[in-house]
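The values are calculated or read from the model by the stated rules, or taken from the named source; none is laboratory data. Not measured: the values here are computed from a predicted model. Cβ coordinates were reconstructed from backbone atoms using ideal geometry, including for glycine residues, and neighbour counts include every protein chain displayed.
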Amino acid sequence: MAERRLRHFLTLLDVAPAEARALLTRAGELKAMVRSGTVHEPLRNRTLAMIFEKSSTRTRVSFEAGMSQLGGHAIFLSPRDTQLGRGEPIEDSARVLSRMVDAVMIRTFAHEQVERFAANSQVPVINGLTDRFHPCQLLADMQTYFELRGDIRGRRVAWIGDGNNMCHSYINAARVFDFELRIACPEGFDPDADVLVAAGARCQVLRDPRTAAAGADLVATDVWASMGQEGEQAKRAKIFAPYQVDDGLMACAAPDALFLHCLPAHRGEEVAASVIDGPQSAVWDAAENRLHAQKALLEFLLVRSP
Ligand code: CP
Ligand code: NVA
């Protein structure tokens, strides 16, 4: 048998469009298995190490529960109580951990950290969020759109707010799943030019949230101050105030538009309570789909990928 090629998932671009679509299909199958009580344990005796340098509820629980449902095990590691927090080089940590476990998930600050880890790892590395990208959330968001509305190809998506890690991952998703993305963000908070330019004409940055939301099939937003930017919260709250996703903004979108937010959310800031708790919100489905989409990803990286 040919040796399995080592695959990482640091951004959505690490999977080909056909692979990304197959992951969503598989996520739906795995979800149905959980619903019907079917036990599926292809990762028995396999271990996932999870390094969290930032807080997490969904990412930690979905990976840990996912590994356990697949018959494997997950280890939570924080810099507070590992040598990583005392300055052991990331390259050395990668060499050591990847001799002991079957995959590593990392949530950290600089995206370069996951790249350096992956470059020195013998096992698949998954990006559980960096300052630049959050690809696992996009698998769940896309799964949710496909489940509730069908194929997103050719649809119009509006990203409202900060040109942050989630925005960058929406830009990559537009390339992988072939949709139009209109980004509305205040001047000075644009997504990184290299990420945007690589996506070509299908992604454009606008200033007016209503223009971006006009006719959109999906409206998505995120916090105004991401993890690590807590000190800018007050300044950002003023600048981003016109970018709240409220009922008026949702009224600009298509009548059956969905609303998504990766969570945690701040009601009354980036989203009105009436929107996130309203009938167009699919945030709870998307949060649940983190579990199913990442199980599909783990299975793909450890068992099924070419
Ligand atoms: N959406 C998301 O990644 O949530 P957590 O920060 O709780 O993991
Ligand atoms: N942009 C947010 C996403 C949290 C899941 C952050 O990085 O804090």
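When only residues in the stretch 215-234 that are touching a Lys or Arg at 6+ places or on another chain (Cβ under 8 Å) and aliphatic (A, V, I, L, M) count, which is nearest to ligand 1 (Cβ to nearest atom)? The qualifying residue nearest to ligand 1 (Cβ to nearest atom) is M227. In the stretch 122-137, of all residues being within 14 Å of F63 (Cα to Cα) and among the β-branched types (V, I, T), the one that is farthest from ligand 2 (Cβ to nearest atom) corresponds to V125.
Contact list please: Cβ distance under 7 Å, first residue in the stretch 42-63 and more than 14 Å from H134 (Cα to Cα), second residue part of a helix (DSSP H, G or I) and within 11 Å of ligand 2 (Cβ to nearest atom), pairs at least six apart or on different chains. That search, which allows pairs on different chains as well, returns S62/R290. Residues that are under 14 Å from F240 (Cβ atoms) and among the acidic types (D, E) were ranked within the stretch 162-207; the one that is surrounded by the fewest Cβ atoms within 10 Å (Cβ to Cβ) is E187. For the stretch 203-214, the criterion of being within 17 Å of the chain's Cα centre (by Cα), away from ligand 1 (no atom under 16 Å from the Cβ) and at pLDDT 95 or above is met by none of the residues.
Tallying residues that are under 14 Å from the mean Cα position of the chain (by Cα) and more than 16 Å from ligand 1 (Cβ to nearest atom) within the stretch 53-79 yields 0. Here F179 clears all of (1) within 16 Å of ligand 2 (Cβ to nearest atom); (2) touching a Gly at 6+ places or on another chain (Cβ under 9 Å) except the condition numbered (1). A single entry from D178, D217, D192, D208 fulfils the requirement of being more than 27 Å from W284 (Cα to Cα) and in contact (Cβ under 8 Å) with a residue 60 or more places away in the chain: D192.
Of all residues in the stretch 139-161, those that are among the aliphatic types (A, V, I, L, M), assigned to a helix (DSSP H, G or I) and buried (at least 24 other Cβ atoms within 10 Å of the Cβ) total 3. Tell me which residues, restricted to the stretch 116-129, are in contact (Cβ under 8 Å) with a residue 60 or more places away in the chain and part of a loop (DSSP other than H, G, I, E, B). Across the stretch 116-129, the qualifying residues are S121, Q122, V123, P124, G128, L129.
In the set L13, L6, only one residue is part of a loop (DSSP other than H, G, I, E, B) and over 12 Å from F300 (Cβ atoms); that residue is L6.
Residues of the stretch 88-96 include none that is at pLDDT 95 or above, within 21 Å of M142 (Cα to Cα) and away from ligand 2 (no atom under 16 Å from the Cβ). When residues in the stretch 41-59 are screened for being outside any helix (DSSP H, G or I) and either in contact with a strand residue (DSSP E or B) (Cβ under 9 Å, 6 or more places away or on another chain) or buried (at least 16 other Cβ atoms within 10 Å of the Cβ) (or both), 13 of them pass.
In the stretch 146-175, the residue that is nearest to ligand 2 (Cβ to nearest atom) out of those that are farther than 23 Å from G200 by Cα and either free of Cβ contacts under 8 Å to residues at least 12 places away in the same chain or touching a strand residue (DSSP E or B) at 6+ places or on another chain (Cβ under 7 Å) (or both) is L148. Determine if the stretch 31-40 includes at least one residue that is in a loop (DSSP other than H, G, I, E, B), among the small types (G, A, S) and either crowded, with 17+ Cβ neighbours inside 10 Å or touching a helix residue (DSSP H, G or I) at 6+ places or on another chain (Cβ under 7 Å) (or both). No, the stretch 31-40 contains no residue that is in a loop (DSSP other than H, G, I, E, B), among the small types (G, A, S) and either crowded, with 17+ Cβ neighbours inside 10 Å or touching a helix residue (DSSP H, G or I) at 6+ places or on another chain (Cβ under 7 Å) (or both). When the criteria are applied in full, E269 fails the requirement of being outside any loop (DSSP other than H, G, I, E, B) and among the acidic types (D, E).
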